Amino acid sequence: MSALTLGLACWVALLVDRWLGEPALRWHPVVWMGNTLARGGDWVQQRTHQNPQQRDLMAFCFAACLWLAGAALVVAVAYALQAALEQLPWWVAAVLLGFLLKPLLAWAMLKTEVCAVESALAQSLSEGRKRLRWLVSRDVSRLSEVQVRESAIETLAENLNDSVVAPLFWFVLFGLPGAALYRFANTADAMWGYPGVYQGRNWAWAGKFAARADDVLSWLPARITALCLLLAAGLPGLQLVQQLPLDARRTPSPNSGWPMAAMALVLGVALRKPGVYVLNSQGLHAGAAHTRQALRLGNLALLLFVLLGCTALLMLRQSVLAWVDIATLFIAAGVLL
């Protein structure tokens, strides 16, 4: 597909996300992925040792094979849909492609949920904790008001990458199959990628392949997201570039720390996961105003990525394709001669 078609599809997807929101669950491809992964996870867990300290290569291999099979199916379906659209006029293809891309990203819903946590906190701490459970998998029963707000801001920053920037990144490089593959990998990581026992199930080896695959696919987009957040803050944000890597590496994840640390730095607040890490430890306690500012910065960072990042990636894509075409011509000429 042409760069113009892919670029317009990105804007269509974001507009659909803003004005129409999420499709019904029964038509949502990410829900289909989740249901398939849930059944696959059940099958793997029946063949997994429950001691997380025990090496379990069999569970690793079973899960890896299921992941690869699921990824191949997702990519094949996405490729077939995109190929069908290529037969249409470019502007019609762009609009329809944007509608197909939309379910693979979710920014409006994420912002709504973060706002809902803030609104619930205004009622009571218990209501805030209850609403936060919709966003995070950690135990929220002992979190203070500040910690609930910190968790919501962290989730906003992390999922700015996972739910929006990264799918768009892989879309502009590889079209709908790229975005679909990333969404499958990210969903698999969310469901399988735990480092040990979670909810009575041992994922130490069964989830290792899914976690590493997501780490690889998220590596560059996460850093681009962090840079966009710094750019969104203007000159003060750019002055934090040197501090960003130091804080980003404090988290166990090789990727999620980057957008979270960037958000902490540009907001001037500390973001904590009790007993695990503290980002921007000298920062202020997060208040309601910081949540509103985080939402504004997230919107601006996404706009910057689409305007600058997607444009650069599309130019790179076209350049690579041009060189591939030239190389193909030389190879063909060599064969004929």
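I need the full set of residues from the stretch 44-99 which are among the polar types (S, T, N, Q), more than 30 Å from TRP11 (Cβ to Cβ) and either out of contact with any strand residue (DSSP E or B) (no Cβ under 8 Å at 6 or more places or on another chain) or not in a helix (DSSP H, G or I) (or both), in order please. Please lay out each step first, then the result.
Step one: filter the stretch 44-99 for residues among the polar types (S, T, N, Q), giving 45-46, 48, 50-51, 53-54, 82, 87.
Imposing the further condition that a residue be more than 30 Å from TRP11 (Cβ to Cβ) reduces the set to 45-46, 48, 50-51, 53-54.
Passing the criteria: GLN46, THR48, GLN50, ASN51, GLN53, GLN54.
For the criterion of being of a type in the set (S, T, N, Q), more than 18 Å from the chain's Cα centre (by Cα) and farther than 23 Å from ALA69 by Cβ, GLN45 fails.
Screening ALA289 on (1) more than 17 Å from the chain's Cα centre (by Cα); (2) surrounded by fewer than 17 Cβ atoms within 10 Å (Cβ to Cβ); (3) closer than 15 Å to VAL165 by Cβ shows it passes everything except condition (3). Among the candidates GLU118, GLU113, the residue that is crowded, with 16+ Cβ neighbours inside 10 Å, more than 22 Å from PRO167 (Cα to Cα) and acidic (Asp, Glu) is uniquely GLU118.
Are any of the residues in the stretch 205-220 of a type in the set (Lys, Arg), within 20 Å of VAL306 (Cα to Cα) and at pLDDT 95 or above? Among the residues of the stretch 205-220, not one is of a type in the set (Lys, Arg), within 20 Å of VAL306 (Cα to Cα) and at pLDDT 95 or above, which makes the answer no. Applying the criterion of being more than 13 Å from TRP43 (Cα to Cα) and in a loop (DSSP other than H, G, I, E, B) to the residues of the stretch 192-206, the residue that is nearest to the chain's Cα centre (by Cα) is GLY193.
Could you tell me whether TRP32 is of a type outside the set (S, T, N, Q), surrounded by fewer than 20 Cβ atoms within 10 Å (Cβ to Cβ), within 28 Å of the chain's Cα centre (by Cα) and over 25 Å from LEU100 (Cβ atoms)? Full working, then the answer.
Numbers: of a type outside the set (S, T, N, Q): yes; surrounded by fewer than 20 Cβ atoms within 10 Å (Cβ to Cβ): yes; within 28 Å of the chain's Cα centre (by Cα): yes; over 25 Å from LEU100 (Cβ atoms): no.
No: the conditions fail for TRP32.
For the stretch 237-285, give me the residue count where each residue is at positive phi and of a type outside the set (Gly, Ala, Ser).
Residues of the stretch 237-285 at positive phi: 268, 275, 280.
Then keep just the ones that are of a type outside the set (Gly, Ala, Ser); that gives 280.
Residues flagged as at positive phi and of a type outside the set (Gly, Ala, Ser) within the stretch 237-285 amount to 1.
Contact map, the stretch 93-116: residues that are at positive phi and modelled with pLDDT of 95 or more paired with residues that are in a helix (DSSP H, G or I) and among the aliphatic types (A, V, I, L, M), Cβ distance under 7 Å, separation 6+ or inter-chain. No pairs are found.
The values are calculated or read from the model by the stated rules, or taken from the named source; none is laboratory data. Quick caveat: nothing in here was measured; it's all calculated off a predicted structure. All Cβ positions, even for glycine, are placed from backbone atoms using ideal geometry, and neighbour counts span all protein chains on display.
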